[in-house]
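Colleague: Dumping the structure here so I can ask a few things about it.
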Amino acid sequence: MADSWRIVAICSVKPLADALIGKLRDLGHEPVALLAPRRPGGPPRPSYLELTDASAPEGLDLLPRALERIAAGDPGDPQPSEDASWAGHFEDDDYVRIDWAQSARAIHNQVRAWHLTFGLSGLRAPIAELEGEQVVVLQTRLTDPGGDARRVECGDGPLWVVATEPV
């Protein structure tokens, strides 16, 4: 096995992260994330699914460079400590439940934020009551996307619930 060292960086594309981590493990390393982070393009405030779709090609384009750097022994680019922070995982508190009295933007951001936990908090959330049923809200829109989206009145106006799954 190669020298043991950790590769730490950021990637918002889970399938790409899984593929790269698998390759790095095949090379004898024990990575914790990706080496060559880059902010993906795309529309302002995209949903998590839109962000994943938009960033996957860019991430794949970075893969050869990242692997070359790893093979050359490059330790990666350190993150400046003034930009680093740790907020911890979401906990079983008020953020787990959707309060429809909040603004549509606040609820939309709450739904988007839970997608970025990748299940690491151990909670399935955010949970809401829709039409008498408890559901996990997976995707929302601030404007009517058409289709089967459900319009819900929030504290300051409508929000469209695009995807849910049973609790």
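The values are calculated or read from the model by the stated rules, or taken from the named source; none is laboratory data. Only a predicted model underlies this, so the values are computations on that prediction, with no experimental measurement involved. Note: ideal-geometry Cβ built from the backbone for every residue, glycine included; neighbour counts use all protein chains shown.
Colleague: Does segment 119-167 hold any residues that are of a type in the set (Phe, Trp, Tyr) and farther than 13 Å from His108 by Cβ, and which are they?
Modeller: Of everything in segment 119-167, nothing turns out to be of a type in the set (Phe, Trp, Tyr) and farther than 13 Å from His108 by Cβ.
Colleague: Let me ask another. From the set of residues in segment 59-93 that are among the charged types (D, E, K, R) and modelled with pLDDT under 75, which is surrounded by the fewest Cβ atoms within 10 Å (Cβ to Cβ)?
Modeller: Step by step, filter segment 59-93, then rank; the result is Asp83.
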